[in-house]
Amino acid sequence: MSIHPTVIIHPNAEIGRSVEIGPYSVIGEYVKLGDNNKIYNNVTILGKTTIGNNNAFFPYAIIGTSPQDLAYKNDLTELRIGNDNIFREFVSVNLGTVKGDNVTIIGNKNLIMAYSHIAHDCILEDEIIMA
């Protein structure tokens, strides 16, 4: 495991084996991070976010933040991310909403290219490329 000393990790977050977390990243209270994930510098992962294994999060990715929905009232909804995904620079992914079954889901082996946004309640299956 390699965690830069400037990283902020909430004490309740769960971090898997062989995880790399780069400078100035933030890992929130309800985050569960699987094995062999690489988090580059300046990445933020918040909310009730469960991440599988072997994912890569490039600089300035914002993962598991509140939905961009006026009806959202700080509900404890979630985001589930599978295995072998790549989230490039400035990607944003939101939590689900109560009206959307409480969850946003991302499958396996997806490439989410720079500046893409995955909104609340979306379900992405496997091997998708977003630009």
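Its residue count N fixes a reference of 2.2 N^0.38 Å for region 3-61, and the Cα radius of gyration divided by that reference is 0.95. Could you let me know the centre-to-centre spacing of region 85-131 and region 14-65, using Cα atoms, in angstrom? That distance is 14 Å. Rolling a 1.4 Å probe over the heavy atoms of the protein chains gives the chain an accessible area of 51 Å² per residue.
Shown in residue order for region 93-106 are the 3J(HN,Hα) couplings computed by the Karplus curve 6.51 cos²θ - 1.76 cosθ + 1.60 at θ = phi - 60°: 9, 9, 5, x, 10, 4, 6, x, 6, 6, 8, 10, 10, 10 Hz (x for Gly and Pro). Taking the Cβ of residue 115 as the centre, find all other residues whose Cβ is under 9 Å away and add up their charges (Lys, Arg: +1; Asp, Glu: -1). Computed value for this residue: 0. For residue 109, a cut-off of 27 angstrom between C-alpha atoms picks up these lysines, skipping any fewer than 8 places away in its own chain: 32, 38, 48.
For residue 100, the shell of other residues with beta-carbons less than 12 Å away shows a net charge of -4, using +1 for Lys and Arg and -1 for Asp and Glu. When Lys and Arg each count +1 and Asp and Glu each count -1, what net charge do the other residues less than 12 Å away from residue 33, Cβ to Cβ, add up to? Once positives and negatives cancel, what remains is 0. What's the longest piece of the chain with no exposed trypsin sites (Lys or Arg not before Pro), counting a site as exposed if DSSP puts it in a loop and it has at most 10 other beta carbons within 10 Å? Segment 74-131 is the longest.
Taking only protein heavy atoms and a 1.4 Å probe, the accessible area of the chain is 52% carbon and sulfur. Relative to the Cα centre, the charge distribution of region 18-131, modelled as +1 at Lys and Arg Cβ and -1 at Asp and Glu Cβ, gives a dipole magnitude of about 180 debye.
The values are calculated or read from the model by the stated rules, or taken from the named source; none is laboratory data. In this text, all values refer to a predicted model and were calculated from it rather than measured experimentally. All Cβ positions, glycine included, derive from the backbone under ideal geometry; neighbour counts span all protein chains shown. Heads up: the accessible areas ignore ligands, DNA and RNA and are worked out on the full protein's heavy atoms, side chains in. Shrake-Rupley method; radii C 1.70, N 1.55, O 1.52, S 1.80 Å.
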